[in-house]
Structures are given as structure tokens and as C-alpha cells.
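Below is one structure; the comments refer to it alone.
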Number of protein chains: 2
Amino acid sequence: MAYKTDIEIAREANKKPIMEIGAKLGIGPEDLVPYGHDKAKVSQSFISSLADKPKGKLVLVTAINPTPAGEGKTTTTVGLGDGLNRIGKKTAVCIREASLGPNFGMKGGAAGGGYAQIVPMEDMNLHFTGDFHAITAAHNLLSAMIDNHIYWGNSLEIDERRVTWKRVLDMNDRALRDVVTSLGGVANGFPRQTGFDITVASEVMAILCLATDLKDLEKRLGDMIVAYRRDRTAIYARDIKADGAMTVLLKDAMQPNLVQTLENNPAFVHGGPFANIAHGCNSVIATTTALKLADFVVTEAGFGADLGAEKFMNIKCRKAGLAPDCVVLVATVRAMKMNGGVAKAELGQENVDAVKSGCANLGRHIGNLKSFGVPVVVAINHFVTDTEAEIQAVKDYVKTQGSEAILSRHWELGSEGSEPLARRVAEIAESGVSQFAPLYKDELSLFSKMETIAKRIYHADEVIADKKIRDQLKAWEEAGYGHLPVCMAKTQYSFTTDPTQRGAPTGHTVPVREVRLSAGAGFVVAVCGEIMTMPGLPSKPAAENICLNDDGQIEGLF
Amino acid sequence: MAYKTDIEIAREANKKPIMEIGAKLGIGPEDLVPYGHDKAKVSQSFISSLADKPKGKLVLVTAINPTPAGEGKTTTTVGLGDGLNRIGKKTAVCIREASLGPNFGMKGGAAGGGYAQIVPMEDMNLHFTGDFHAITAAHNLLSAMIDNHIYWGNSLEIDERRVTWKRVLDMNDRALRDVVTSLGGVANGFPRQTGFDITVASEVMAILCLATDLKDLEKRLGDMIVAYRRDRTAIYARDIKADGAMTVLLKDAMQPNLVQTLENNPAFVHGGPFANIAHGCNSVIATTTALKLADFVVTEAGFGADLGAEKFMNIKCRKAGLAPDCVVLVATVRAMKMNGGVAKAELGQENVDAVKSGCANLGRHIGNLKSFGVPVVVAINHFVTDTEAEIQAVKDYVKTQGSEAILSRHWELGSEGSEPLARRVAEIAESGVSQFAPLYKDELSLFSKMETIAKRIYHADEVIADKKIRDQLKAWEEAGYGHLPVCMAKTQYSFTTDPTQRGAPTGHTVPVREVRLSAGAGFVVAVCGEIMTMPGLPSKPAAENICLNDDGQIEGLF
């Protein structure tokens, strides 16, 4: 049996005008700002008018540690959203926007897959509604204003060696990681070494995704630390007087984007911060807006549950006053087999023993998620090669962990395939059984917060950090930043800091190599291992094969 | 009497839905791609369907050499467009898009002024429909692919010292003019010195504005020279395999943007190349599309007529098969007075003698324009401080030059004020009197083309260039580029290369300091004097005062 590719299915989509999709949520045409006929932003004024409306149920979709087999977290998010709509629950999906740059490196993008996709896929993988370009512009305006301040006399007494604010581009460009600027003589300023990150790594991106409104956005932008003086006191973006103009550049980008699933159900696609040095979730404003318009909101978090769900709970929910009513943990038979030691080429063969021995990673995540007080359902994202016995092995294992696993066939069948999952998720969410609480209190010290996550989520024995790092954390606590949550930047492939350690390891050590203060976003980043904030292109970039064909369709992007 | 500011007038605009504006030109809602309710792109498929339609009349608005008094070229373009619509001629205006970066430097932007403006002014001065961001992304993708090619083995044998393709940002950032990239060790590539230009200086911008369709766009992008080998042979963007992906990034940007005047008449605002190292006109695709939809199209060219109109005629019209039916040369009484030696602070005082003695610059431009075989009308853009005697002095002078000057009061009165100008322009354009021809033939040598412009337009005695430059021109001629037009990069303030020489100087010398080949755009640039392709910010950037006020309106941008 031959299956259609994602792009074939997406091109056959029977899209409805975006105004009709908005109408499903009660948004009038005057409150939608169209971008073409299939994309729109929800107007700020409409969002403001929703303040007193009650919230719907919030469902988080997360996953086991990613394997090369692919888990299908976004696909399941979309499929579950369609399934909930199918059983009569007014549901919106909330996911992140894609970064443009990486699509020109590896074969990229796509929002979901099979019959569980969000469209228009091509626009979403290119400029979409321009949000990331706005973030790039706002970020780089601040950069230019910092060097301009130094150029014109440096009255703030910025130590040129301690400018922490870099520049960004939404492009995989390793040549920009480490640069010297302001060469060429007096007219170009004072030479200094700096660099570029990719746009999604900008603190501005994290702020856009955590800000509750434009006022909050402006305040957070002003709070960002951009440099230090010789006496180590901080210079803020507010001191550079960039916060107002940056807010103006971001005012449209703050409005959530509305698109649709293949089944013409509403999907908000807004914001896309890194899931290592930032919190990796779509915007607070999209999630809260969706919750006021729908009975159910299905959203996802980046990477596996150890990183993405942990940050969703401890950063996004804590800061935005959100609480998930149910968590769906995505797993696949194939991923269990890989965790059980099967090579990728052999995943097509039935191997029940490998499935069983690979379930430990899944079990660890179930337990971790329950520790937040939330009910957990495992979604087995069905692959057509999965056998009955293998599926049953996963179900049996999950039962031993005090949870339940439900097979979901949305990839193949759309909402018809996800209906059983949707029914169970709806039942749990509506039962009110969730008793969500973040893992740690604001008052805990920064280092103790890191230890709490390492011990309770990663099941490590200890966190190690040298004196310089501990002193830095103390200094930030004294400066009033001690109440912030921490944001762990660690490999997504393992509970440890070693990407090759699959399963559910214990007894390991988490070394904190560096700490960073994102004072505007409102978290302290603990860097555990090498974190790349500006990717490079591969030897054969996908861009070489991307083009318009004679029908004006895009080739090679997916 | 108190006049409202431009921004006050713009905010009071009674905008119509963009679909209604499109309908005035016979564009159906399915052929408009909306960006909000007041901006839209005209779809590529609709444009393709117009191929066999006849063209309307083309009117070029140009100006004398700019003075600090301000001439109001765009204001007159918009006012004339409204005036023509008022007298029953179906008319569209075509102007350039504004660059975002400079708006954060000096108090910026605005499209026209008074009651002759295009709206939404704020969007047009910010991200608009994202065209410039798309150009930035396409340009920088090529940059990243060049360094990536070198990184992965450099099979094209690029001489790293001769990479001519830089990077761009739409930002005034002097620190990026001259940089060293790829520092930091093996993983980041081979360090080399390069720089950033502002996006409007990108050859991609010039190409977008000269390409006739997406196929032509892709071909021109591939034709761009990005580097040389040690043997001085050229490396093209096509060799880097970036042309297809760049075209994909630019496919939406190639569609012209439709907005409206304060009087709800259609205006295309599309493209914005530099007017020194490029040709400084809005896109060919916008102009040709407008000509097929309207009876009259009023467009403008950058800077004064010596630069902007010359390039409009010799580059844009030549390449796109266009021919102006009438040229409107904008002058003001104030500018005549400044040319006549009056300081800016004293422009409010009547001074007929100064007006008379300042008219030489105007006369020179009239003669120059006539040498293209086109009829010329002088528009005196009225200022409320102008006296009857001063206005009459300009009119009398223009009559001695075999042309006529018409007072136009569009700034104060909108189309009511520009009706006399519109009537005369319509009469001339419809008379078919224009016998347009470019100033030189394709076959002339590159250096002779420069001499032709210098002698016939600038009224210089000679062009000087050292042997290296003359050899370079010969080498390009041998390589097949001899048929290209030349693009003069010279100060806009004078007919000479010295910005302080006002009036109509003769006997001067034009030194060509450098020549550049824009092989994709299709012209050879002659750099005569210092040309800045990356501006800096002033000591008090406008950005410091730009913010959203409590009503959500933008303050400080205009």
C-alpha cells in the first residue's frame, strides 16, 4: 500500500477562508487581521476584550526523549485537536512557529504529518506573517543603538569588553558566530569581538512568548541586560532607550496567528523560542487567547518531557497562571524498540522483547509528569508497521506505571484515528482531577532549583558547578533575581548530559558549565554541555534543491 | 492659521477596505492577497493574465536638485494622481517602499504630505508587507551558502580574498560596515574581512525592481557575481546553487503592494533600490501592472532629475520597454530662493530677486529632460508662504525655457489643489507628443556612456578615470557586459560631484573613483565620490523617542 507524502496531502487540503475558521471561535472578520486568505492575526483590541471570559481546558502534549525514529509530537497535537473537535468539543491547537533558517539546511519543516497537519505548510516554513523578521529587526535595533551609544561618547560608561547583547539573523550561518565589528577606522566605531545567534535564540523571542500584553512586553524589553560597566553594574535596554522603539517593531508580531488543520479546525501558531536556552513553548498570549475562545486547547512543548514539559510547567504555567488539565505523553513502538537497542534499519521487524526493554524511558517520564500533580495519558502514535503484540506490550507496561496508553491513528486517518484518545483526554480533563503545582517554589535559591530539577526530573545524584558560577548565582540573588525560575540547557536525547545515554539512567552528575541571566524573559539559564545558538549549513544544504517548479509550486522545502 | 501635521491628517484618513480600492482597478477579491484590511498584494496569476492588455499613459515626476527646503516630489506624485482621478482619469500612483532602518535614525518616513499622502503611513514605515525582510533573507542565504561552500572544501576554488558578496541588514548600523567573520576556530570556517550593507543597497533589491516575472527574477539572481577565483574568473550565484531558494524566498515579495491615497485612489508601493549605486525607481512589475489597469500611471524617480530621471529613462524604461508620455519637474519657490543664496531661516520672507537668480538649476533640468524627447511641465509645489510675485517669477522663467509652470496646491487642498496641473498633464500625455528615446545606445562603450551622461546631463567637460578602471571596463566589455547601461553614483545635491555647487555649473570634471558590475541587475555602476551603503545612527537616534502611547498609537516615528 502506497501512502501519500505530507506535502501531497497538504497540497490537496480543502482549506476554508480564514474568516470562517475565526468564526468557529467567535472572532468576527473585523477582529481578524488577514495575511492572505488562509492566515490571520487576532487583533490586540479583540484580545483585550476577552479579559473576563472563563478559560477552557488545557491539554499539554509532550514526549519521551527523542530518538531518530521520530515520535510525532506535533502530529499528535494536531490529531488530538481534530479528534476533540470531532467529538463535539470546541478545540484550538497551539503550536510554535518554525524558524526559517534551518529549512535551508536540512530538509525541513512541516507542521504535523499525514492527515494531522496544519496548513498553509509552505508559508509557515517561510516568512509566515513576519513575526520572526520583526524580532530580528527589534533585536538588531538594540544592537545598533548600543554600538551607537559607545560611538557618540559612551556616557553610560559601557565596558566594551562586556557587551553581552549580540546580533541575530534567522539563518544558519556559522561564519557569523564569532566576529569582530567596527573595523575600518574612526567613522565605524571601536572594534570589538562579538557574534550573531539565530533569531529563535534571542531573548526578545523568549519575551514575546512570555509577555501578557504590549505593556508587559515593553517592560520586559527594558529589563534586559545588554552590557556591564567596569564596576560590573548592569546596563539595561531601558538605559539605551531602545524599549519603546522595539515595542513598536513588535506590536504586530505580538498578535497571535490563526491558521487551520487539514480538517478546518482552528490552530494558533505563534512564537518559537529555543527549548534549551529558553523555555521552548508557543506564546502565552496565544495560549491564553485560545483558552478564552475554545473549550479545549491542545498545546505542545519542545523536545522530551524532561526539558519541554518541565519548562512548560515551571516557567510558562508558573508565570502565566496556567495549569494543564491533562498531559498526553507521546511514544511510538519504534522509539521503544530503538531504546531497546534495535537499529533504525531494523525497526520494521516485529520485536516485542525490544519494545519491552525499551519502555523504561517512557516509564520515567510518566512518573516525572505525575510529580506535577497532573494526570497522564500515553498516546501511542501509530505507525503502519507496528504489530498488535508490540502495541499490547506498550499498553501493558504503561498499566504497570499506573497510567494508560491509547493507540492513536491520526496520521493515517485524521480525527477518525484519534477519536479514542480524544474521548479519554476529554473525560480526564473535564473530571477536574488535575492538581497542578510547579516543582519548586519561587523562594528556593537558584542553585537549589537546579538541584531540584536534576534530582527529581533527571534522577541525577548531584549538580556540580565551580565557585565562579555559584558566586554569580549569589550575586544575582542579591540583585533581586533569586525568585526567578531556572531554565536548563541540556541535551534533549538523554536524562543525563550525555546524549548517548538512553533509557532511564540514575546516579549521574549534572555539571553546570555556565549560567546566564535572561532578566527580561525572567529566568536564569543553566548551561549543562555545549549549546549551539547559531547552527551551520551541511555540506549539501537543502537550499541547493529548493526552487519554484513550472507550476509555481515550491520544490525541495519539505 | 494652524495647519494639521501629516500624521494628524493620516490618522484622520477615511480609509476604504483595500478590496474596494482593488475593485476600482478591476482586481477581484480573489486576485488580491490581503495584508490587514488596508494593504494587499496583487497576485502573480492575475498579473500574468494581463499580458495582452494595452498600456495606459505614463507620467514621471522628478525634481530639481534637492535642497534643505524640501521639494515635495512624492507629495506632488500623490497629489497629481488624485488630481487626475478627480478629472475622471482612472489613475494609479506608483512609488517606492521605505527602508525601515533609517526611520530609527532621523525623524523619518511618510509617503507624501499634507492632503496628498498615501496610507497606512505607519505600516509603510515599518514592516509593511515584509518585502524588505524577504530581500534581507534571500541576500543573506546566499552569503551563508558562499561561506558554507568554502567551509566544506571550496570545490569552486573561490579566492577568499575576492568574495564581493557581503551581507545586509535593514538597519543603520555603522559597526557592521567592516567586520571580520568566521573567527573562533575550525568549526566556524576561515576568517576573512567583509561587511554589511543596508538592505536597499543589495543587488537583490535592484533585481526585484527590474525583473519582469519570477523566471526573469531567478535568471537574474543566478547571474549575480559573488566572488572571483585566483585566475580572476567569476563565480556566480548560480554556481553556489542559491538562485532557486532565493527565488522561493522572494516569490511573495515580487507581487506589487496596493494601498490607497487619502482620497481613496489606488497606489502601488513596491521596491526601493538605492538611487546612487542602483537605479532608484519602484519595481517594473508594479509600473507595468498599473499601466495595464489604469488610464494613467504617475510614478517618481529618486533624488533630482540628473540622477533619478536619467536612470529612470536610461535604465528602467530602456530595460522594461517603457516610455513616459509626460514628465513633471517639481520645484518650489523656497528651493529657488535657496539656490539664489537665501538661508533656510529666511525663506519665509519675500525675495523675488533671489527666486529669479536661483532658477538656473531648474532651467538646466528642463533642458536635460527635453533631450530625452519628452514634454516637461514644471509643478510649483505650493507653500503657504509663497507670494504671488515669487510664483510669477518662476512661471516667467520657465516660459523662457520653452516650458510652462503650474502652481499646485495639493498639500493644502488635495486634488482640488492639483486639478490645474492634472488637466495640463492629461492634455499633454494624451496628445501623443512624447518622442522618448534613451540618451545613448546599448552599443556605445561603457566609458563613452559615462561620458555621455556627464557631458549631456551634468554639463561637465570630461570624465576622468585611472587606467585600472578603464582596463576593468574593457575586461567587462570583452566578457559580454558592454551592452549594459551605466548607473552613476554621485551626490544628489549638485550637477557636479561636489555637493556644495548649486545652480547650473559648467566646465567641471567627473572623476570615476571605482566601477562595479551588477551583472544580475544589469548595469555597471560608476562611483563618483564617496557613497555610503551602510548608514549610521545620529547621536540622538529617533528610536529613543519612538514608542506606543496609551492609545496604542505610534509616537515619534514621523
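The values are calculated or read from the model by the stated rules, or taken from the named source; none is laboratory data. Everything numeric here is computed off the predicted structure, so don't read it as measured data. Glycine gets a Cβ as well: all are built from the backbone with ideal geometry, and neighbour counts include every protein chain shown.
Specify which of the listed residues (A:Phe274, A:Phe303) is assigned to a loop (DSSP other than H, G, I, E, B), more than 14 Å from chain B (Cβ to nearest Cβ), over 19 Å from A:Thr75 (Cα atoms) and in contact (Cβ under 8 Å) with a residue 12 or more places away in the chain.
Working: A:Phe303 fails: over 19 Å from A:Thr75 (Cα atoms).
None of the other options fit; the residue is A:Phe274.
Hey, can you tell me all the residues within the range A:226-245 that are modelled with pLDDT of 95 or more, in contact with a helix residue (DSSP H, G or I) (Cβ under 9 Å, 6 or more places away or on another chain) and more than 25 Å from B:Leu183 (Cα to Cα)?
Selection gives A:Ala234, A:Ile235, A:Tyr236, A:Ala237, A:Arg238, A:Asp239, A:Ile240, A:Lys241, A:Ala242, A:Asp243, A:Gly244, A:Ala245.
Only residues in the range B:174-191 that are buried (at least 17 other Cβ atoms within 10 Å of the Cβ) count as the first member; pair them with residues that are among the aromatic types (Phe, Trp, Tyr) and modelled with pLDDT of 95 or more, Cβ under 6 angstrom, at least 6 apart or cross-chain, and list the lot.
Correct list of pairs: B:Leu176/B:Phe196; B:Ser182/B:Phe190; B:Gly189/B:Tyr151.
With the checklist (1) aliphatic (A, V, I, L, M); (2) under 15 Å from A:Leu60 (Cα atoms); (3) assigned to a helix (DSSP H, G or I) in hand, flag the one item A:Ala389 doesn't pass.
(2)
What's the number of the only condition in (1) away from chain B (no Cβ under 14 Å); (2) assigned to a helix (DSSP H, G or I); (3) farther than 21 Å from A:Ala426 by Cα that A:Ser45 fails to meet?
The number of the failed condition is (1).
For the range A:192-218, enumerate the residues that are within 12 Å of chain B (Cβ to nearest Cβ) and touching a residue at least 60 places away in the same chain (Cβ under 8 Å).
Correct list: A:Gly195, A:Phe196, A:Ile198, A:Thr199, A:Asp213, A:Leu214.
Among the residues of the range A:170-186, is any more than 7 Å from chain B (Cβ to nearest Cβ) and among the aliphatic types (A, V, I, L, M)?
Yes, that holds for at least one residue.
Within the range B:139-185, which residues are β-branched (Val, Ile, Thr) and out of contact with any helix residue (DSSP H, G or I) (no Cβ under 7 Å at 6 or more places or on another chain)?
Of everything in the range B:139-185, those that are β-branched (Val, Ile, Thr) and out of contact with any helix residue (DSSP H, G or I) (no Cβ under 7 Å at 6 or more places or on another chain) turn out to be B:Ile146, B:Ile150, B:Thr164, B:Val179, B:Val180.
Which of the following residues is crowded, with 20+ Cβ neighbours inside 10 Å, more than 24 Å from the chain's Cα centre (by Cα) and either closer than 30 Å to B:Ala13 by Cβ or not assigned by TED's automatic domain parsing to the domain that holds B:His483 (or both): B:Val378, B:Val374, B:Val384, B:Val394? Show your work before the answer.
On the way: B:Val378 fails: more than 24 Å from the chain's Cα centre (by Cα); B:Val374 fails: more than 24 Å from the chain's Cα centre (by Cα); B:Val384 fails: crowded, with 20+ Cβ neighbours inside 10 Å.
None of the others qualify; the one that does is B:Val394.
Please identify the pairs in which a residue from the range A:533-555 that is in contact (Cβ under 8 Å) with a residue 24 or more places away in the chain has its Cβ atom under 9 Å from the Cβ atom of a residue that is hydroxyl-bearing (Ser, Thr, Tyr), counting only partners at least 6 apart or on another chain.
Once the first residue is in contact (Cβ under 8 Å) with a residue 24 or more places away in the chain and sits in the range A:533-555, its partners that are hydroxyl-bearing (Ser, Thr, Tyr) give A:Gly536/B:Tyr151; A:Leu537/B:Tyr151; A:Ile546/B:Thr247.
So which residues in the range A:234-269 are closer than 20 Å to A:Glu203 by Cα and hydroxyl-bearing (Ser, Thr, Tyr)?
A:Tyr236, A:Thr247
Looking at A:Asp197, A:Asp252, which one is surrounded by fewer than 24 Cβ atoms within 10 Å (Cβ to Cβ) and part of a strand (DSSP E or B)?
Going through A:Asp197, A:Asp252 in turn, the sole match is A:Asp197.
So in the range B:478-507, with the set limited to residues that are hydrophobic (A, V, I, L, M, F, W, C) and under 16 Å from B:Ala460 (Cα atoms), which one is surrounded by the most Cβ atoms within 10 Å (Cβ to Cβ)? Write out each step before concluding.
Initial filter on the range B:478-507 (hydrophobic (A, V, I, L, M, F, W, C)): B:479, B:484, B:486-489, B:495, B:504.
Restricting the remaining residues to those that are under 16 Å from B:Ala460 (Cα atoms) gives B:488-489, B:495, B:504.
Values: B:Met488: 25, B:Ala489: 24, B:Phe495: 28, B:Ala504: 18.
Among those that are hydrophobic (A, V, I, L, M, F, W, C) and under 16 Å from B:Ala460 (Cα atoms), it is B:Phe495.
So B:Ala305 ticks every box in (1) out of contact with any strand residue (DSSP E or B) (no Cβ under 7 Å at 6 or more places or on another chain); (2) modelled with pLDDT of 95 or more but one. Which box is left unticked?
The failed condition is (1).
Within the range A:432-455, how many residues are of a type in the set (S, T, N, Q) and either in contact (Cβ under 8 Å) with a residue 40 or more places away in the chain or on the phi > 0 side of the Ramachandran plot (or both)?
Number of matching residues: 2.
Which of (1) touching a Pro at 6+ places or on another chain (Cβ under 6 Å); (2) more than 14 Å from chain B (Cβ to nearest Cβ); (3) in a strand (DSSP E or B) does A:Thr62 not meet, given it meets every other one?
Failed condition: (1).
Considering only the range A:541-553, state which residues are among the charged types (D, E, K, R) and over 13 Å from B:Ala245 (Cβ atoms).
A:Asp550, A:Asp551
I'd like to verify a number: residues in the range A:508-558 that are within 14 Å of chain B (Cβ to nearest Cβ) and farther than 30 Å from A:Glu462 by Cβ, how many?
Final tally of qualifying residues: 25.
Just to verify a result, which residue in the range A:219-257, among those that are within 9 Å of chain B (Cβ to nearest Cβ) and of a type outside the set (A, V, I, L, M), is nearest to A:Val33 (Cα to Cα)? Step through it out loud before you land on a result.
Residues of the range A:219-257 that are within 9 Å of chain B (Cβ to nearest Cβ), as a first pass: A:240-249, A:251-253.
Cutting the leftovers down to of a type outside the set (A, V, I, L, M) gives us A:241, A:243-244, A:247, A:251-252.
On the way: A:Lys241: 30, A:Asp243: 25, A:Gly244: 23, A:Thr247: 19, A:Lys251: 13, A:Asp252: 10 Å.
The selected residue is A:Asp252.
How many residues does the range B:57-97 contain that are over 20 Å from B:Thr491 (Cα atoms) and either among the aliphatic types (A, V, I, L, M) or touching a Ser or Thr at 6+ places or on another chain (Cβ under 6 Å) (or both)?
Looking only at that region, the number is 17.
Tell me yes or no: at least one residue of the range B:213-221 is hydrophobic (A, V, I, L, M, F, W, C), surrounded by 21 or more Cβ atoms within 10 Å (Cβ to Cβ) and part of a loop (DSSP other than H, G, I, E, B).
Among the residues of the range B:213-221, not one is hydrophobic (A, V, I, L, M, F, W, C), surrounded by 21 or more Cβ atoms within 10 Å (Cβ to Cβ) and part of a loop (DSSP other than H, G, I, E, B), which makes the answer no.
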